[in-house]
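The values are calculated or read from the model by the stated rules, or taken from the named source; none is laboratory data. Computed from a predicted model, the values in this text were never measured in an experiment. When we count neighbours, we look across all protein chains shown, and the Cβ atoms used for this are built from the backbone with ideal geometry, even at glycine. Note: accessible area is taken over every heavy atom of the protein model, side chains too, but ligands, DNA and RNA are not part of it. Shrake-Rupley method; radii C 1.70, N 1.55, O 1.52, S 1.80 Å.
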Amino acid sequence: MDIRKARMDDVKAIHGLLMHNTAEEGLVLPRSLSQLYSHLRDFFVALDADGKVVGCCALNIIWDNLAEVRSLRVDPVQRGRKLGRKLVEACLSEAVTLGIYKVYTLTEETGFFAHLGFEEESMDNLNQKVFTDCLNCPRFPDHCNEVAMIMAL
């Protein structure tokens, strides 16, 4: 398994991963192809032995010294191989390289992110986020199950 920065020919595979949502897997906000092409440099991908994209994760810069880990998705067949962890770690490494030392995520998978060192944070402390993606989420505001988690690097 290999983790690398996403390339142009990965966009349709990333789109496929992000559009495949089931109730038991939780919600990942869908991204249009246009959004993915525009934000391609944010993404890392995990590849299987045949070079097929089987996971993705993005680091989205929000503001001075604040970025979000988002769009984490691993093909259900590939789970249990620590690909999610490796994808998040790639994003965290890039944040440090860019001089960003505070990273957050909005997730229902609190145990996974806590194991990586994230801690729960009040949504009120992340108000920049509410005015971007949250407004477009079908669960906002009354049915949001996500928890804000933050890590200082």
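Using the average count of surrounding beta-carbon atoms within 10 Å as a protection proxy, the listed peptides 31-41, 98-108, 65-75 rank, highest first, as 65-75, 98-108, 31-41. Protection proxy ranking of 76-82, 53-59, 90-96, 115-121, by the mean of other Cβ atoms within 10 Å over each peptide's residues and highest first, is 53-59, 90-96, 115-121, 76-82. Near Ile150, once Lys and Arg are set to +1 and Asp and Glu to -1 for all other residues with Cβ below 9 Å from its Cβ, the sum equals -2. Carbon-plus-sulfur fraction of the accessible area of region 33-107, 1.4 Å probe, in percent? Result for region 33-107: 50 percent of the exposed heavy-atom area is carbon or sulfur. Proximity of backbone amide H atoms, modeled 1.01 Å from N, is registered between Val147 and Thr107, Glu108 at under 5 Å, excluding neighbours fewer than 5 places apart on the same chain.
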